[in-house]
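Structure first, commentary second.
The values are calculated or read from the model by the stated rules, or taken from the named source; none is laboratory data. Being a predicted model, the structure only gives us computed values, none of them experimental. Note: ideal-geometry Cβ built from the backbone for every residue, glycine included; neighbour counts use all protein chains shown. For the accessible areas, the whole protein counts, side chains as well, though only heavy atoms, and no ligand, DNA or RNA atoms are used. Shrake-Rupley method; radii C 1.70, N 1.55, O 1.52, S 1.80 Å.
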Amino acid sequence: MMALGKRLRRTLRRRPKKSDGRMKGKLFTKQDVKDLPPMVEVTGLHRTYEGAEPVRVLKGTSLKVERGEMVALMGPSGSGKTTLLNVIGLLDTPDSGTVKFAGVDVTELKRRKVPLFRQNEVGMIFQQKNLIQSLTAFENVYLPFRYARGARRKQGREQAREALRLVGMLERENHLPNQLSGGEQQRVAVARALVLSPAVVLADEPTGELDRKTSDQVVDLIRELNKQTGQTFIIVTHDRSVAERADRILTMDDGKVVPEKGGSGRKRPTAKRPATKPGNQPRKRKA
């Protein structure tokens, strides 16, 4: 039987046979996606934090996210959004249930293989950015390659600069985080999440500390990268305008995921009220 690690890498990197799937910025077509297992499939997750009073956070949570899809996850504080993201990213362990990447149950991974899987296949974007203040933008993005092996480490410098170029920060590669604006720091954080070409990118409130204009720029960037790379994005957000840019919106309520109408993947145009001409005001009804 093939080892789980090898089987997982083959399945994650599997691509449809059709060569025309890259048209219009798509890595593969919708029909191709139907022939492949979901990139992320969560089934019956339960997570309770023990203490003086045990807190049940996840209560049988289930969801599916297709390859190349960008999904927004909304819900009130305390509903379990961040916990779910941490479990999917293997930063936390569920009490029961399964997490599958491309049809392979990663909860079966041996403990020693979890960090390597997380490093190579899961990109993380945090609200606080978590950049190392003593390192330049380039050094922060290159950081994951310090733990990579063989040829990947040698190619690290080129890939780090390419990631910075993708997010429009190559010209500021030698700047320290305190020399960058909040939006620029978040762009560097996005580049770091993408530099190893992970199969899935998880973002926890990536625009939570940004003003509206900068927030829109970061979301535009994430949306464009999703289209260019075909990578799968799951974004936790409280901001409805951010969620509306996704392909689909899910809502968490009391530890479970509830499907919701949403995400067009486009900015919603601001509706303008028609001007009322003098003399055309609606007549008031007589009492």
Full extension between ASP95 and GLU50 adds, at 0.36 nm per residue less the Cα distance, a length in nm of 15.1 nm
Flagged as over-length at 20 Å C-alpha distance, from LYS64/LYS110; LYS110/LYS154; LYS81/LYS227; LYS64/LYS213; LYS59/LYS81, the pairs are LYS64/LYS110; LYS110/LYS154; LYS81/LYS227; LYS64/LYS213
A student applying the Cα gyration tensor rule (rounded when a/c is under 1.5; otherwise prolate if a/b is larger than b/c, oblate if not) would label segment 69-155 oblate
Of 89-98, 160-169, ordering from highest average Cβ density within 10 Å down gives 160-169, 89-98
Plugging the Cβ-Cβ distance of VAL114 and LYS64 into 1/(1 + (r/R0)^6) at R0 = 25 Å yields, to the nearest 0.05, a FRET efficiency of 0.65
Result for segment 31-154: accessible area per residue, probe 1.4 angstrom, in square angstrom, of 49 Å²
Of every hundred units of 1.4 Å-probe accessible area on segment 84-194, the number belonging to carbon and sulfur atoms, as a percent, is 45 percent
Segment 44-115 and segment 218-248 have their Cα centres apart by a whole-number Å value of 20 Å
Rounded to 0.05, the calculated FRET efficiency for the beta carbons of GLN228 and SER134 at R₀ = 41 Å is 0.85
Computed curve, segment 94-227, Cα-only Debye sum without solvent term, log₁₀ I(q)/I(0) at 0.12, 0.21 Å⁻¹, is -0.49, -1.26
Classified through the alpha carbon gyration tensor (a ≥ b ≥ c as square roots of its eigenvalues; rounded if a/c is under 1.5, else prolate when a/b is larger than b/c, else oblate), segment 178-256 comes out oblate
